[in-house]
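Here's the structure we're looking at; comments come further down.
The values are calculated or read from the model by the stated rules, or taken from the named source; none is laboratory data. Only a predicted model underlies this, so the values are computations on that prediction, with no experimental measurement involved. Cβ placement follows ideal geometry from the backbone for every residue including glycine, while neighbour counts extend to all protein chains displayed.
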């Protein structure tokens with residue numbers, strides 16, 4: 001139950017961050033868009049690392065399960081989202097971080 005709860009928390013947090021950054025209609029589209037073959041997943045790898053760390057600061061560790069959201073973070077970077085925007089959206093989306101063994105807070109796992 002704790003593992004499923006953590007997974008739902010991560011998924012719901014990402015959906016809400018997408019909606020906060022891009023709006024109710026465009027948010028889900030940005031989260032799931034895929035670039036054409038031959039293009040890199042992300043143009044700025046430093047941006048990707050920064051946005052993931054920023055999300056984790058406010059929402060807790062993504063853990064291994066949360067790696068499935070890397071394309072969404074890449075899409076945020078490709079759309080020009082900055083660290084400050086990510087921090088604001090993450091703070092609004094993740095008012096309280098659950099502390100369970102699956103959150104990886106105690107073990108220090110991180111994306």
Can you give me the number of residues within region 1-11 that are under 20 Å from residue 86 (Cβ atoms) and surrounded by fewer than 15 Cβ atoms within 10 Å (Cβ to Cβ)?
-> 1
Residues of region 17-56 being closer than 15 Å to residue 92 by Cα, out of contact with any helix residue (DSSP H, G or I) (no Cβ under 7 Å at 6 or more places or on another chain) and surrounded by 13 or more Cβ atoms within 10 Å (Cβ to Cβ), which ones?
-> 56
Can you spot a residue in region 35-48 that is modelled with pLDDT of 95 or more, closer than 26 Å to residue 4 by Cβ and within 13 Å of the chain's Cα centre (by Cα)?
-> no
Failed condition for residue 68, given (1) touching a residue at least 24 places away in the same chain (Cβ under 8 Å); (2) within 10 Å of the chain's Cα centre (by Cα), with all others met?
-> (1)
The one condition in (1) modelled with pLDDT of 95 or more; (2) closer than 21 Å to residue 3 by Cβ that residue 77 fails to fulfil = (2)
Scan region 84-104 and give yes if some residue there is over 27 Å from residue 5 (Cβ atoms) and at pLDDT 95 or above, otherwise no.
-> yes
Does residue 14 satisfy the condition of being surrounded by 20 or more Cβ atoms within 10 Å (Cβ to Cβ) and touching a helix residue (DSSP H, G or I) at 6+ places or on another chain (Cβ under 9 Å)?
-> yes
